[in-house]
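Everything on this sheet refers to the single structure shown next.
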Amino acid sequence: MAGKKTMLALDRSLLHAGERVCVAVSGGADSTALLLALAEANAERQGLGIALSAAHVHHGLRGAEADGDEAFVRALCERLQVPLTVFRVDTAARQATEHEGIEEAARQLRYEALRGLAVDAVATAHTLDDQAETVVMKLLRGAWTEGLGGISPEVQGLGMRDEGLGKARLVRPMLGVRRAEVEVFLRERGQEWREDTSNLDLSLTRNRVRRELMPLLRGFNPGIDALLARTAAIARDEEAFWQAEVARVLPQVLLPGRPVRGGGRAVSTAVGEGSCALELARLAAMPAALRRRVLRAAARTLYAEGEAGSRLSSEETAKLLALAGFGGDPAVTGRIGSRLELHGGLRAERSAREVRLWRQAQAGNQSGKIAELPSGAAGGFSPA
């Protein structure tokens, strides 16, 4: 039909009638399109039936350009008659305090601001292109299965440290939409959007992946974005299965603290400290897939729920497997008395019968270092 406008293939199953849904709007093409598409869908004869609002976070960066983004979003919401909440945060101050990269600091502040909204769901405008880029970045950084799951279509409450929104759900209705479709959608409506000049900064990993690596990969396979998105969906399903299986097995094999002379086990109660162990014989009896996940899950028990650094990378997992005597990293030996220092003060130690994991408060981050313990000082382990 001539003159018919392009519609975005939003995942409407993520949005429920009667809910208060807030769109996080930066002013860029993706978030502008999401807000506009939801406003149109809500206005249909049989609309979504949601109470639509918007939120904008001014990160205190980019000076007049960021002020222009805020003014643009205010004008857009006023035209669409969508209530808007604006947050102003100091990203530079957080970066200095937390020693994070600028992107990470901005993201954490953004989600902290959104947590304060009295809504049922917060919608962000991540696209299929974003999903593909995220999976590639995770691969480059040595992520595990949960990392290769990329961006989840929906996050419930405080399920993730960096994306938890209190009781509100986090939803991504545009994960099946290509960025090119977004621009067609906006141009057909004569809708402008804002361009963030920081997206041109090739010192940022995501920008290099987006502008250099992804075009190269598309030269090998034009459908690589959709392929990576499908891979992410498979990884999320695989991870969901294994999380349930490991949750069933771990309590049966995890030993608290460390063994002490005369029997029993010593458990530290100091703040920021903790330890646990796994019997090597029980690990050896497990299939390799379960073994590596049990080791990773054991390490995670030493962290608070959602605490940064609670997930081992694939490289660290290989080192831990090698320490326990199951190969994985030829640079790590499985000799009795060997010790491995991983990120964030996480340490592992090998005895004749166990591999013990522990954390110490104020421990340095010396990932991957290996050390031999003095004779007789293997953490109180009995020599077999």
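A short reminder: the numbers here are calculations on the coordinates, not readings from a lab. Keep in mind the model is a prediction, meaning the values are calculated, not measured. All Cβ positions, glycine included, derive from the backbone under ideal geometry; neighbour counts span all protein chains shown.
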| query | Given a cut-off of under 8 Å on Cα pairs at least six residues apart, what relative contact order in percent is computed for the stretch 42-126? | reply | 28
| remark: Within the under-14-Å Cβ sphere about Thr97, not counting Thr97, Lys/Arg +1 and Asp/Glu -1 give a net charge of -4
| Within straight cross-link reach of Lys5, meaning Cα distance under 13 Å, which aspartates and glutamates are found once same-chain residues fewer than 8 apart are removed? | Glu40, Glu181, Glu183, Glu188
| task | Give me the distance in nm between label points sitting 7 Å out from Cα along the Cα-to-Cβ direction at Glu195 and Leu213, one decimal. | result | 2.4
| request: Give the Debye-formula value of log10 I(q)/I(0) at each listed q (0.20, 0.25, 0.27, 0.29 Å⁻¹), with one equal scatterer per alpha carbon of the stretch 87-130, two decimals each. | output: -0.73, -0.90, -0.95, -0.99
| Interchain or long-range residues, amide H under 5 Å from Ala55's placed H | Val23, Ala24, Val25, Thr85
| query | Got a sec to turn the phi values of the stretch 349-359 into Karplus ³J(HN,Hα) couplings, 6.51 cos²θ - 1.76 cosθ + 1.60 with θ = phi - 60°, whole Hz, x for Gly and Pro? | reply | 9, 10, 10, 5, 10, 9, 10, 10, 10, 7, 10
| task | Give the relative contact order (percent, whole number) for the stretch 12-238; include only Cα pairs under 8 Å separated by 6+ residues. | result | 23
| remark: Once Thr333 and Ser13 are pulled to full extension, the length gained, defined as 0.36 nm per residue separation minus their Cα-Cα distance, is 110.2 nm
| Once you sort the root eigenvalues of the Cα gyration tensor of the stretch 77-159 as a ≥ b ≥ c, which label holds: rounded (a/c under 1.5), prolate (a/b larger than b/c) or oblate (the other case)? | oblate
| Column: log10 I(q)/I(0), Debye, Cα scatterers of the stretch 191-247, q = 0.21, 0.25, 0.29 Å⁻¹ | -0.87, -0.95, -1.03
| Ranked from highest to lowest mean number of other Cβ atoms within 10 Å per residue, what is the order of the peptides 282-292, 314-324? | 314-324, 282-292
| At each listed q (0.09, 0.15 Å⁻¹), what is the log10 of I(q)/I(0) that the Debye formula gives for the stretch 12-238 modelled as equal alpha-carbon point scatterers? | -0.37, -1.12
